[in-house]
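The values are calculated or read from the model by the stated rules, or taken from the named source; none is laboratory data. Predicted model only: the values in this text are computed from it and were never measured. Cβ: placed from backbone, ideal geometry, glycine included. Neighbour counts: every protein chain shown.
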Amino acid sequence: MIDPANTGLGHRQVQRRNLPDGWAISARPAHPGLVSEADFIAVQHIHAPRGSPDPNRSYLLAGLLRCGVCGRRMESCWANNRAAYRCRHGHTSAAKTDPDRPKNLYIREDSVLRHLKSLWVRLFEPEPAPSTAEVVNHLRAQEITLTYDRQSRTL
């Protein structure tokens, strides 16, 4: 329930995984296992690495760009064989499309990286500007996000 004190608010569906100590394990298997118990336990300790499974696809600005229309963090995507970022303004395929929702926003990573050093100079005024990688590392370290405005095409 959303609020047990106010049952009129309804229910919210929540899915949580049980911790291993809360698992119900049969004393006698109902059918032959597809994998051995040892293999099952070993796989439970494997975690997928973060990021793209393709090493050629990297997103230098992941988590650093925000949409100037709705303020959401832009998501990394691969478009036309290049790294890019997009904002769908909260749209998901599970929800009906709102006709008033703005068009999806796309920006290529290379078009942002091209201007990153000059942005650094305007903000911090050191000459010469550090490398692009150093600028990106500084943005991450200082938790600075860049907002892209579609209308003016500026950061």
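Going by the structure shown, is Lys103 within 22 Å of Ser152 (Cα to Cα) and not acidic (Asp, Glu)?
Yes: the conditions hold for Lys103.
Taking into account only those residues within region 10-53 that are at pLDDT below 75 and aliphatic (A, V, I, L, M), which is nearest to Arg108 (Cα to Cα)?
Ala48
Which pairs have Cβ atoms under 7 Å, sit 6 or more apart or on different chains, and link a residue in region 65-93 that is in contact (Cβ under 8 Å) with a residue 12 or more places away in the chain to one that is of a type in the set (Asp, Glu)?
Hits for this filter: Gly68/Asp149; Arg82/Glu109; Arg82/Asp110; Ala83/Glu109; Ala84/Glu109; Tyr85/Glu75; Tyr85/Glu109; Arg86/Glu75.
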